[in-house]
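The values are calculated or read from the model by the stated rules, or taken from the named source; none is laboratory data. Because the structure is a prediction, the values reported are computed rather than measured. Neighbour counts are summed over all protein chains in view; Cβ atoms, including those assigned to glycine, are modelled from backbone coordinates with ideal geometry. Ligands, DNA and RNA are excluded from the accessible area calculation, which covers all protein heavy atoms including side chains. Shrake-Rupley method; radii C 1.70, N 1.55, O 1.52, S 1.80 Å.
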Amino acid sequence: GSEVAQESLLLHGPFARKPKRIRTAFSPSQLLRLERAFEKNHYVVGAERKQLASSLSLSETQVKVWFQNRRTKYKRQKLEEEGPEADQKKKGSHHINRWRLATKQAPGDDIDVTSND
């Protein structure tokens with residue numbers, strides 16, 4: 001009946017989800033090579049990525065995603081090293097502080113986000 005049609009649509013329809021990708025388990029030697037490459041350059045593209053991927057028996061996508069994740073980890077570690085004063089930065093208030101400086105607002109003033117001036 002129509003239930004079968006519904007199920008078929010869910011599995012094969014325009015919004016059907018791809019099966020969940022299995023998480024790549026990198027070997028220690030792959031990780032060492034990837035980390036060394038990251039030390040030299042935080043971005044690896046084109047022929048360099050192709051070469052690195054094939055030498056590690058990984059797909060270019062796996063290498064690309066590893067680098068994306070590694071940059072995220074690097075940024076997080078950088079923020080943690082900066083200590084508690086980095087909390088201000090994380091919340092985006094540095095944008096507000098830059099705006100206060102640019103418009104010569106006093107830090108105590110409440111900001112009217114609705115006005116156009």
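Could you please find all residues in the stretch 60-83 being open to solvent by less than 50 Å² (accessible area, probe 1.4 Å) and over 15 Å from the mean Cα position of the chain (by Cα)?
G83 - this is the single residue of the stretch 60-83 that is open to solvent by less than 50 Å² (accessible area, probe 1.4 Å) and over 15 Å from the mean Cα position of the chain (by Cα).
May I ask you to verify whether S57 is assigned to a loop (DSSP other than H, G, I, E, B), at pLDDT 80 or above, exposed (fewer than 10 other Cβ atoms within 10 Å of the Cβ) and more than 19 Å from the chain's Cα centre (by Cα)?
So S57 passes the test.
Could you tell me which numbered condition L31 fails, if it satisfies all but one of (1) within 15 Å of the chain's Cα centre (by Cα); (2) surrounded by fewer than 17 Cβ atoms within 10 Å (Cβ to Cβ)?
Here L31 clears every test but (1).
Determine the pairs where a residue that is under 15 Å from S54 (Cα atoms) and basic (K, R), located within the stretch 19-36, has a partner that is at pLDDT 95 or above and assigned to a loop (DSSP other than H, G, I, E, B) with Cβ atoms under 9 Å apart, the partner being 6 or more residues away or on another chain.
If the second residue must be at pLDDT 95 or above and assigned to a loop (DSSP other than H, G, I, E, B), the pairs left are R33/L56.
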